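Remarks on the structure that follows.
The values are calculated or read from the model by the stated rules, or taken from the named source; none is laboratory data. What you see is a predicted model, and the numbers here were worked out from it, not measured in a lab. Neighbour counts are summed over all protein chains in view; Cβ atoms, including those assigned to glycine, are modelled from backbone coordinates with ideal geometry. Remember, those area values only see protein heavy atoms, side chains included, never the ligands or the DNA or RNA. Shrake-Rupley method; radii C 1.70, N 1.55, O 1.52, S 1.80 Å.
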Amino acid sequence: SLLRNWAASIKIGYVVTEIVVKAVTMFGPRVGFLYIEANITDPEGRRLPGAVFLRGDSVAMLVELRTPSERYALLVRQSRTPAGGAIYELPAGMLDISGDFKGVAFKELQEELPALTGMFTAEHVRQLNHEPIWVSPGGSNERMGFYHLLVECAEEVVRGLHSTVGGLAQEGEHIQAAVVPWDELRYVPDGKLHIALSLLATCQRPEDQHKPILRKRN
């Protein structure tokens, strides 16, 4: 499906005469990532760079925690091999075969931040962008959908969420939650986070304002 979806995205006028699959990464029994090289020309007949990392679409979730006096984001800290170690970032995950961006966002929140279980439902997960955003089109076909979850709670709930663990250990995920004050988010070097903050800031219309969760955890 990775290769089929990419081939279906080729615009009219672009011509692909050859595709060479250079590497395949398996996720258990299914194909996870593909690295291909394509012989492709644009509508003017000019040859384009053809190296493509096919990983498909993904989602990222901005979790906002509000207390009566403070505002926080709930990030995850996990080790990333390309980054050379642990980093702080938004919870995120790859889209599955269903193509359901919101459904995957809800599932990833449950997997990566299980301490939030019972504090929200799928209806509280709000979409921030109408069209998926290209993340790194110079080398990858990944597009990302961004979502926002607002939880109103007491300070003791916020403290209880910090350093809780999540992720699927059998898939190499070892995740620790991190509560970060909202005004310190500008120091977190995660591109997903800053895109989400920018999208959230553009939601100014009253009908776009996210209704907070009223159900609080004891």
message: Every residue in region 171-215 that is over 22 Å from residue 83 (Cβ atoms), modelled with pLDDT under 90, exposed (fewer than 12 other Cβ atoms within 10 Å of the Cβ) and not β-branched (Val, Ile, Thr), please.
response: 204, 205, 206, 207, 208, 209, 211, 214
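Test of understanding: among 36, 40, which residue is touching a Gly at 6+ places or on another chain (Cβ under 6 Å), in contact (Cβ under 8 Å) with a residue 12 or more places away in the chain and of a type outside the set (Asp, Glu)?
Working: 36 fails: touching a Gly at 6+ places or on another chain (Cβ under 6 Å).
So the residue among 36, 40 that is touching a Gly at 6+ places or on another chain (Cβ under 6 Å), in contact (Cβ under 8 Å) with a residue 12 or more places away in the chain and of a type outside the set (Asp, Glu) is 40.
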- line: Of the residues in region 1-43 that are in a loop (DSSP other than H, G, I, E, B) and modelled with pLDDT of 95 or more, the one that is most open to solvent (accessible area, probe 1.4 Å) is 12
